[in-house]
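Report on the structure given below.
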């Protein structure tokens with residue numbers, strides 16, 4: 001079992017923003033890791049407490065995660081933490097997948113500057 005971490009921020013608490021950015025993050029993770037949604041065992045989504053309009057997992061179903069176990073939870077609230085942030089922890093159980101690339105987008109790269117394998121972009 002291998003895991004992939006990732007995060008993205010949204011501009012505001014709207015269903016459209018949550019949908020667009022959740023799909024952007026998941027698509028990028030699949031692409032840079034050369035995996036498909038069917039190879040993913042499960043995903044844990046966290047969202048900061050300022051994201052309340054929709055569950056990110058709802059939109060994962062739209063792009064092929066139909067049989068993947070999905071869970072949404074609220075991110076721990078810490079003073080000074082990054083607002084409007086969606087994070088993922090993706091579990092991949094595939095023998096060919098050995099070298100995960102973590103993906104942090106739209107300002108979320110600030111969360112893990114210590115990681116050596118990052119796909120960091122401003123979209």
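Computed values, structure above
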{"quantity": "Answer from 26, 71, 30 - the residue that is modelled with pLDDT of 95 or more, touching a helix residue (DSSP H, G or I) at 6+ places or on another chain (Cβ under 8 Å), surrounded by fewer than 17 Cβ atoms within 10 Å (Cβ to Cβ) and closer than 24 Å to residue 1 by Cβ", "calculated": "71"}
{"quantity": "Residue check for residue 62: under 23 Å from residue 98 (Cα atoms) and surrounded by 12 or more Cβ atoms within 10 Å (Cβ to Cβ)", "calculated": "no"}
{"quantity": "Output for the range 83-123, where each listed residue is out of contact with any strand residue (DSSP E or B) (no Cβ under 9 Å at 6 or more places or on another chain) and modelled with pLDDT of 75 or more", "calculated": "95, 96"}
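The values are calculated or read from the model by the stated rules, or taken from the named source; none is laboratory data. Here the structure is a predicted model, which is why all the values come from computation and not from measurement. Ideal geometry is used to build each Cβ from the backbone, glycine not excepted, and the neighbour counts take in all protein chains shown.
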